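Here the structure comes first, spelled out in structure tokens, and everything after it is commentary.
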Amino acid sequence: MQAGVGRVLQADSAAAVQDVIDGRTPRELALISVAFGADLHGLVNSLRRAGWPRVLALAHPADTGSMIDACRAGASGVLCGPASRAADDKPQVILEKPRVIPELTDREVEVLEWVADGRSNKWIAERLTLSFLTVKSHLTRIGRKLGTGDRAEMVAMAMRAGIIR
């Protein structure tokens, strides 16, 4: 399995996002800020229709309304960073130093890729011809290695580390 980031495109406006949607770009993962406000719903829908399998919205933890809007718009999930308040009381995202990811087995990576695609433990077990409990055991070991029991956080950490795409 080849890991890493292939091509990164940045769009600073709703029109620029639409240009990416209309272009012939690889469609793997789109990160879109909830700061697009009223344009967010249409942009997420357009990305999904254009064949982007994963659309994640980026939000501040205190902005639960925007998180809910992003999910209603069809986002695969929402990534939140820790926030602090500046002197003007506006949230600021603090970028944490990336964590070192322990090595995962090939089977653990395979299970995590299916989790990233939104598959249930039962579905993964059937697909990989494993028992449901074996899949659950793999996820427990992955969680222990990554320091979290949250499926979304496991996926986010593995994607950031380039373990899965």
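The values are calculated or read from the model by the stated rules, or taken from the named source; none is laboratory data. Computed from a predicted model, the values in this text were never measured in an experiment. Here the Cβ positions follow ideal geometry from the backbone for every residue, glycine too, while neighbour counts run over all protein chains shown.
Quickly run through segment 135-164 and pick out the residues that are of a type in the set (Val, Ile, Thr) and either modelled with pLDDT of 90 or more or under 10 Å from Val115 (Cβ atoms) (or both). Val135, Thr140, Ile142, Val155, Ile164, listed by residue number.
Which of the residues belonging to segment 115-160 are more than 15 Å from Gly77 (Cβ to Cβ), of a type outside the set (Val, Ile, Thr) and surrounded by 17 or more Cβ atoms within 10 Å (Cβ to Cβ)? Passing the criteria: Asn121, Ala125, Leu130, His138, Leu139, Leu146. Of the numbered criteria (1) at negative phi; (2) under 15 Å from the mean Cα position of the chain (by Cα); (3) modelled with pLDDT under 80, the one Val44 fails is (3).
For segment 123-148, filtering for residues that are more than 16 Å from the chain's Cα centre (by Cα), at negative phi and free of Cβ contacts under 8 Å to residues at least 12 places away in the same chain leaves 12. Considering only residues of segment 1-22 that are modelled with pLDDT under 75 and small (Gly, Ala, Ser), which is nearest to His41 (Cα to Cα)? So the residue we want is Ala11.
Among the residues of segment 15-48, write down those that are in contact with a Gly (Cβ under 9 Å, 6 or more places away or on another chain) and surrounded by fewer than 17 Cβ atoms within 10 Å (Cβ to Cβ). The answer is Pro26, Arg27, Glu28, His41, Asn45.
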